[in-house]
Amino acid sequence: MTNSSFPSSDAGLDDHDLDARLDRTWSTGSGLWKALSTVDHKIIGRRYIVTAFIYMAMGGVLALAMRAQLATPEARLISPDRFNQIFTMHGSNMMFLFAVPVMEAMGVYLVPLMVGTRNIAFPRLNAFSYWIFLGGGILLWVSFALDVGPDVGWFAYVPLSGPQYGAGKRADVWAQMITFTEVSALAISVEIVVTVFKQRAPGMTLDRIPLFVWSMLVTSFLVMLAMPAIMFASSSLILDRLVGTHFFNPAKGGDVLLWQHLFWFFGHPEVYIVFLPAVGMVSTIVSTFTGRPVFGYIPLVLALVATGILAFGLWVHHMFVVGLPNLGESFFTASSMAIAIPAGVQIFCWLATIWDGKPRLATPMLFVIGFIITFVMGGLTGVMVASVPFDTQVHDTYFVVAHFHYVLIGGAVFPLMGAIYYWFPKMTGRMMSERLGRWVFGLVFCGFHLTFFPMHILGLIGMPRRIYTYQPEMPWGTLNLFVSASSVILASGFLLFFLDALRSAHNGRLAEPNPWNGFTLEWATSSPPASYNFRRIPVVDSREPLWRQTLDLPVVTGMRTDRRELLVTTVVEGTPEARESSPTNSIWPLLAALATSAMLIWSIFSPWAVVWGSIPIAVTLIGWFWPKGDAEDEA
């Protein structure tokens, strides 16, 4: 790149002057108005992560409340109606407000840094997606606080959630919360796909993309293909309830099982939407803490892609007891077992990397080891419930609850906690406590297995899921008391994790730019990164640029410093193709999100909200996209 066309370029400037110019151009500034207007992917990513963990903590409190109720037979701590609300809130909160958003939030923060660009694609859409996500969570929790929280389960099966049996507005709140969170997730997915395909650093060919970036790319495609199904389902449910359509009413030509097909066509890929980013985290952490490139880069990429494809062929294994044809059940049994193959490839590649390297058992690596142990156990029970005869016996028992949590907590939360310890210095400039980290791992790992492994046994001896109490003569009391006591150990581990994060963010040991000797580009800049990410866009010629290119990384020169400018590269080879302006900070995404939120909440009470609520949405979108006379603002 040359600077002949632009006198205000970075060529010829010393580092101090260049930093000052770039900071004036890219900085968010100070003050509330600036904070609400920011489009910096790092600030928005941190907001996403913190908000998602707050929702996780609130959902964890609900889980403890359920365990207190189930600790002894015929307990009267929680009424049946409130228990149904708590059960629904816990599942909906953890799946829609924590698991998916927090994984995408990690991508929002890390992907632009890992591919060597200065901001995410469509940064104003990124800001809009956060405010919409926040609005969906507020809707759900305010309704619960007012005792009108949804009580239809996180799956909202019809006809129980339909107009015949779901009185009041509880099911409508659930359905609109889905709309909030899925709009947010779809927006992030589009941003990540464009960022990865068109904003990679020069030289970052497709076979040099970091594995975490690959995992976020595949996840984004899963979101774009799977989530329209649940948005259509929830919208159809709202129409049945508010307008009088009959999508799910068999008496009027509808179909109850249509809901299950639509929901689980989304619901099972959602498991992999949560799991695949964790795979990328594990690959990164294993490579860093063994000091060698990950074994089987190409097989790991192919396993990611294969998992994403196979994820769409499994949904009916949630419906084995509804009376489907035997041939169809056989197909979904086979596909449900086949997805264990790419998972096995990934496990063996990580074990080979550890075997051939020199592992350092720092806290992130401990969580990876805990993940491998736990996920293998959850995968084995997954193969078990993929079998129609076995699934018929344990369906809707606590065996399924145990399997579900082994896969989601063991397969996603363990790697996520390791990733927080790993990237915390990058996000905050400070280190979390290694001593407390080992305590956190011990409490979470032991507390998790003590809590959820006995649930397999509870399921095998017949305890149904989704019950709020049980009789003393049932053989479940002792194990339930043990599980409830063990959940306190698990909760104490998460509490210590939150306390350590809060303490470290303010008083933790200052971090070096690359404290773990990482190999990807996010460690090539300061910790935390400047507002513009990179003083000059780096050039890479390997998969591990910070290990292979031992001298200073070569860089691109000639980029503008007087306006926000990104480098656009080709999809396959990562060859520089063009410069592109990046939008500046704007309050319009927040205003558009407020208008959209008001319309969605109003529509719970009146279908006319869609008509009249569209007017303020249109006004905010006009303000968002109205030409400002500057190409940077028009982007």
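The values are calculated or read from the model by the stated rules, or taken from the named source; none is laboratory data. Small disclaimer: the values here were computed from a predicted structure and weren't measured. Methodologically, a virtual Cβ is constructed for each residue, glycine included, from the backbone with ideal geometry; neighbour enumeration extends over all protein chains shown.
Taking every residue in the stretch 573-602 that is farther than 17 Å from G623 by Cα and pairing it with any residue that is basic (K, R) and surrounded by fewer than 21 Cβ atoms within 10 Å (Cβ to Cβ), at least 6 positions away or on another chain, the pairs with Cβ-Cβ distances below 7 Å are S581/R563. When the stretch 63-95 is filtered for residues that are among the aliphatic types (A, V, I, L, M) and either more than 16 Å from V173 (Cβ to Cβ) or touching a strand residue (DSSP E or B) at 6+ places or on another chain (Cβ under 6 Å) (or both), the ones remaining, listed by number, are A63, L64, A65, M66, A68, L70, A71, A75, L77, I78, M94. Among residues of the stretch 192-227 being surrounded by fewer than 24 Cβ atoms within 10 Å (Cβ to Cβ) and charged (D, E, K, R), the one that is farthest from V301 (Cα to Cα) is K198.
So that you can scan it fast, the table gives a plain yes or no per residue for (1) in contact (Cβ under 8 Å) with a residue 60 or more places away in the chain; (2) under 15 Å from Y130 (Cα atoms):
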site: L18; (1), (2): yes, no
site: R21; (1), (2): yes, no
site: R46; (1), (2): yes, yes
site: A57; (1), (2): yes, no
site: A65; (1), (2): no, no
site: L70; (1), (2): yes, no
site: I78; (1), (2): yes, no
site: M95; (1), (2): yes, no
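Of all residues in the stretch 132-189, which are among the hydroxyl-bearing types (S, T, Y) and outside any helix (DSSP H, G or I)? The answer is Y157, S161, Y165. V108 meets the conditions (1) under 30 Å from T478 (Cα atoms); (2) in contact (Cβ under 8 Å) with a residue 40 or more places away in the chain; (3) not polar (S, T, N, Q) in every case but one. The failed one is (1).
Within the stretch 500-530, the set of residues being in a loop (DSSP other than H, G, I, E, B), under 18 Å from I285 (Cα atoms) and not polar (S, T, N, Q) comprises A511, E512, P513, P515, W516, G518, F519. Condition (residue is aliphatic (A, V, I, L, M) and modelled with pLDDT of 90 or more) applied to the stretch 548-555: is it met by at least one residue? Scanning the stretch 548-555 turns up no residue that is aliphatic (A, V, I, L, M) and modelled with pLDDT of 90 or more.
Being assigned to a loop (DSSP other than H, G, I, E, B), in contact with a His (Cβ under 9 Å, 6 or more places away or on another chain), at pLDDT below 95 and not charged (D, E, K, R) is a description that applies to N533.
Scanning the stretch 298-353 for residues that are of a type in the set (F, W, Y) and within 23 Å of the chain's Cα centre (by Cα) gives F312, W315, W350.
Here T288 passes the criteria (1) in contact (Cβ under 8 Å) with a residue 40 or more places away in the chain; (2) within 25 Å of the chain's Cα centre (by Cα); (3) over 25 Å from L211 (Cβ atoms) except the one numbered (3).
For the stretch 400-431, a tally of residues being within 17 Å of G91 (Cβ to Cβ), of a type in the set (F, W, Y) and touching a residue at least 40 places away in the same chain (Cβ under 8 Å) returns 1.
Determine if the stretch 557-565 includes at least one residue that is closer than 28 Å to I132 by Cα, out of contact with any Lys or Arg (no Cβ under 8 Å at 6 or more places or on another chain), surrounded by fewer than 21 Cβ atoms within 10 Å (Cβ to Cβ) and in contact (Cβ under 8 Å) with a residue 24 or more places away in the chain. Checked against the condition, which is being closer than 28 Å to I132 by Cα, out of contact with any Lys or Arg (no Cβ under 8 Å at 6 or more places or on another chain), surrounded by fewer than 21 Cβ atoms within 10 Å (Cβ to Cβ) and in contact (Cβ under 8 Å) with a residue 24 or more places away in the chain, the stretch 557-565 yields no hits at all.
Looking across the stretch 147-166 at every residue that is hydrophobic (A, V, I, L, M, F, W, C) and in contact (Cβ under 8 Å) with a residue 60 or more places away in the chain, the one that is farthest from G253 (Cα to Cα) is identified as W154. Criterion first (without any contact (Cβ under 8 Å) to a residue 12 or more places away in the chain and not in a loop (DSSP other than H, G, I, E, B)) does I309 satisfy it? Yes. Counting only helices (runs of 4 or more DSSP H) that sit wholly inside the stretch 544-627, those with at least 1 residues that are closer than 25 Å to R124 by Cα are 588-602, 609-612, 614-625. A count restricted to the stretch 312-330 and to residues that are in a loop (DSSP other than H, G, I, E, B) and surrounded by fewer than 17 Cβ atoms within 10 Å (Cβ to Cβ) stands at 5. Screening the candidates L490, L495, L521 for the property of being surrounded by 14 or more Cβ atoms within 10 Å (Cβ to Cβ) and more than 20 Å from W423 (Cα to Cα) yields one hit, L490. Picking from residues in the stretch 25-77 that are among the charged types (D, E, K, R) and under 28 Å from the mean Cα position of the chain (by Cα), the one that is nearest to P464 (Cα to Cα) is R67.
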